[in-house]
1. For the range 309-350 and the range 204-247, compute the distance between their C-alpha centroids and round to whole Å.
2. Treat the count of other C-beta atoms within 10 Å as a stand-in for reagent exposure and order R94, R62, R226 from fewest to most.
3. To the nearest 500 deg cm²/dmol, what mean residue ellipticity at 222 nm is calculated for the chain from DSSP H runs of n ≥ 4 alone, each contributing -39,500 (n - 2.57), summed and divided by the residues?
4. Under a crude label model (7 Å from the Cα following the beta-carbon direction), how far is T290 from S190 in nanometres?
5. Have a look at the DSSP beta bridges in the chain and tell me what percent are antiparallel, nearest 5.
6. Note the full-extension length gain between A35 and A362 as 0.36 nm times their separation in residues minus their Cα-Cα distance, in nm to one decimal.
7. Would you mind classifying the range 322-372 by shape? Square roots of the alpha carbon gyration tensor eigenvalues, ordered a ≥ b ≥ c; an a/c under 1.5 is rounded, otherwise it is prolate if a/b is larger than b/c and oblate if not.
8. Can you put H114, H343 in order, fewest other beta carbons within 10 Å first?
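What follows draws every value from the coordinates through simple rules; no lab data is involved. No experiment lies behind these values; they were computed from the predicted model shown. In this analysis, Cβ positions are derived from the backbone assuming ideal geometry, glycine residues included, and neighbour counts consider all displayed protein chains.
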Amino acid sequence: MRISIPAAVLAGCLTVLLFQPTAVAVGDSGAAAPAPRTSAGGGSVTSVALTSGGALAPRSTRSFELLGVVWEGSPTALAGGSVRVRTREAATGRWSDWHTLEADAVDGPDAAAHGATAPLWAGRSDGVAVDVHPGPAGLPRGLRVELVDPGQGAASTDAQTLPERPAGPATAAAPRPGIVTRAGWGADESIREAGFVYTGAVRVAFVHHTATATDYACSDAPRVIRSIYQYHVQSNGWRDIGYNFLVDRCGTIYEGRAGGVDQPVFGAHTLGFNTNSSGIAAIGTFSSDTPPQELQDGLAKISAWKLGLTGRSAGGTAQLTSGSDASLYPKGTVVAFNAISGHRDGFATECPGEALYARLPAIRSTAARLQG
């Protein structure tokens, strides 16, 4: 079935230190923390509450590879504030430098239940420090750090890859690039919501970056995607991973949100403009790091094919109607976008990073050439 989807508390900082992956974390009251939420293939998400006004004593925790900070209430409750984290490498015991997480509502559905930072890919880690400074609204309720272990992924007999396919006869058609399926990156289909939601025809492709590490091995990309999937679903409470597609630094393209790569699947990627659009995420952080040419080519290929399915020119423009006052435009405003736009074109964010955003004109040109 197709469906058209047209209070503050103390100011200060929070710090939590966690060490050695052996036992379940214990809160200030002495009660055991909630059990980790698990997924097939050994994946898990562990929550540790951040209490106001001080630090939690060092304690044991499970190993993790990705983390983020989540809170109750408005997704913008930490706007103007900051969230910093440090992680400890499990193999060496070395602590990283402080990393700043984007604290505003960066990605997400048009009606998010609560707020979350962008996640950080840390690699195999067994310790973390978190430093939260509130914005004008103070500290939101329910602050917690979410520690994600992607595991080995769910086993599946489904096709692992959709092979490249020549262009069809449709207007603005482009070849379908090879796409690693959800089975290929090990998605546990039991943790997402059942069924699919579709919008009208895709008119705009919004390019993102995942704000995770850039120097990962491409063989680790499925682990990164599984971690983001678990964070979006089990930590943020979304129905599925937010992006429709992801592209790694080697140019490999991955299926994101379930429902069919050739269908207009309703995503959670550009607040206010998730309808009639597709979200395509570059895996990494491209604020200053130049995106590899292979990554740029992958973005161009999937954008050209996806837009071409409905005859949209990758070099053209299209109009979308804002669905949220929290976007750059009041709800109901009709906005003209480039057919391949950056996340920042619809929302107040640095995403997809200055370096990648500067490459969008070249990506549009490449995509238009692919459409012939």
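1. Rounded to whole Å, the Cα centres lie 21 Å apart.
2. Details: R94 9, R62 18, R226 28.
Ascending number of Cβ neighbours within 10 Å: R94, R62, R226.
3. Values: 5 runs with 45 residues, N = 372.
Rounded to the nearest 500, it is -3500 deg cm²/dmol.
4. Those two pseudo-labels are separated by 4.7 nm.
5. Working: 51 of 67 bridges.
In the chain, approximately 75 percent of DSSP beta bridges are antiparallel ones.
6. Working: separation 327, 0.36 × 327 = 117.72 nm, distance 4.74 nm.
Separation in residues times 0.36 nm, less the Cα-Cα distance, equals 113.0 nm.
7. Verdict is oblate for the range 322-372.
8. Numbers: H114 18, H343 26.
Arranged by neighbour count, lowest to highest, H114, H343 become H114, H343.
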